[in-house]
Amino acid sequence: MRVEQQPGFVLHGRAYRETSLLLECMSRDHGRVALVARGMRREKARTPRALLQPLTPVLMSWSGRGDLATLTAIEAAGTPIVLAGEALLCALYLNELVARMTQRHDPHPPLFADYVETLGRLARGDPPAWTLRRFERDLLTHLGYGLLLEAEAESGATLDPQHSYGYRHEFGPVPWRGNDDGLKLRGTALLALAHDQMPDADDLATLRRLLRALIAHHLEGAGLRAWGMLEEVPVPAPMDA
C-alpha cells in the first residue's frame, strides 16, 4: 500500500532502533497510523526534524502493509501552531486523547477537521477548559459514543434547566434520585453542551468530571497521563464566557 501527500499531524514520536523514529500520526483520510521515519536520528538526516514535531501541519507519504508502515516523504502543509502554557498542555492532551481513543487505520475525516479547529481555538486564546469539553463531546460522537444531552433517557422528556440529573454510562440523563444515578449535573450543564454555549464555572467543572468519566469508561477504566497536568488549568469565571 502506498499513500501520497496525506494531510496530517504527528501526535508523538520516540526513538526506534539505532537511527530511526517511531511516529504515531493522525491523518485526514486514513485515521491514526504508525510510521517509521528511517535514519532520522542520524546527524545529517535529509528530512528536517522540525517537520516531525507535534502541532506542525504536514503532508505525509508512506508505504507498507500491516500496523507499521515506512514514512517515505514529508513536507510542511502550513506553519507550526505555536502554543505555550495552558494552551500547550491542552494540545498535548488532545494528542494523547486521540492516540488512546481511536483505532489505527479507522478514518474519521470530520474528527480530523475538529482536531485542526480545536488547535486553532487554542491558538486564538479561546477558554481552554471549554475548548476541551467541545472537542471531547465531538470525539465521542464521531466514535459512536454520542451523549444524550437534551432529553431524559427513560421518558424522553425534554431536560429542565432547573432540575438535577444523573448521567448513566451508555444510557443518558435520568432525574436525580441518588448516587446510583451516576454523576449529578444540572440541566443547564447538559443543555449548554448540547447547544454549544459555554456554561458558567460550576457547570463547566461538572462537565469536565462527566466527560472524563465517560472517556475512562470507554478506556475500560484507564485514565490519561495528561489529566494530571491539566489539574492546574483553571476553569474560567462566568465573565470569561
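GLY125 fulfils the conditions (1) in contact (Cβ under 8 Å) with a residue 60 or more places away in the chain; (2) on the phi > 0 side of the Ramachandran plot except for a single criterion, (1). Can you find even one residue in the range 213-231 that is free of Cβ contacts under 8 Å to residues at least 24 places away in the same chain, over 16 Å from the mean Cα position of the chain (by Cα) and surrounded by 14 or more Cβ atoms within 10 Å (Cβ to Cβ)? Within the range 213-231, not a single residue is free of Cβ contacts under 8 Å to residues at least 24 places away in the same chain, over 16 Å from the mean Cα position of the chain (by Cα) and surrounded by 14 or more Cβ atoms within 10 Å (Cβ to Cβ).
Restricting the search to the range 3-23, which residues are among the charged types (D, E, K, R) and out of contact with any strand residue (DSSP E or B) (no Cβ under 7 Å at 6 or more places or on another chain)?
Restricting attention to the range 3-23, the residues satisfying the condition of being among the charged types (D, E, K, R) are 4, 14, 17-18.
If the condition is that a residue be among the charged types (D, E, K, R) and out of contact with any strand residue (DSSP E or B) (no Cβ under 7 Å at 6 or more places or on another chain), then ARG17, GLU18 are the ones that fit.
Residue pairs whose Cβ atoms lie under 7 Å apart, separated by 6 or more positions or on different chains, with the first residue in the range 142-168 and closer than 19 Å to ASP196 by Cα and of a type in the set (Gly, Ala, Ser) and the second surrounded by 14 or more Cβ atoms within 10 Å (Cβ to Cβ) and at pLDDT 95 or above, are GLY146/LEU140; ALA151/LEU159.
Only a single item in (1) at pLDDT 95 or above; (2) more than 23 Å from the chain's Cα centre (by Cα) is not met by GLU96, and it is number (2). Filtering the range 160-219 to residues that are touching a helix residue (DSSP H, G or I) at 6+ places or on another chain (Cβ under 9 Å) and among the basic types (Lys, Arg) leaves ARG168, LYS184, ARG186, ARG208, ARG212. Kindly indicate whether any position in the range 119-130 is crowded, with 16+ Cβ neighbours inside 10 Å, in contact with a Ser or Thr (Cβ under 6 Å, 6 or more places away or on another chain) and either of a type in the set (S, T, N, Q) or more than 17 Å from MET229 (Cβ to Cβ) (or both). Scanning the range 119-130, I find at least one residue that is crowded, with 16+ Cβ neighbours inside 10 Å, in contact with a Ser or Thr (Cβ under 6 Å, 6 or more places away or on another chain) and either of a type in the set (S, T, N, Q) or more than 17 Å from MET229 (Cβ to Cβ) (or both), so the answer is yes.
The values are calculated or read from the model by the stated rules, or taken from the named source; none is laboratory data. Not measured: the values here are computed from a predicted model. Glycine gets a Cβ as well: all are built from the backbone with ideal geometry, and neighbour counts include every protein chain shown.
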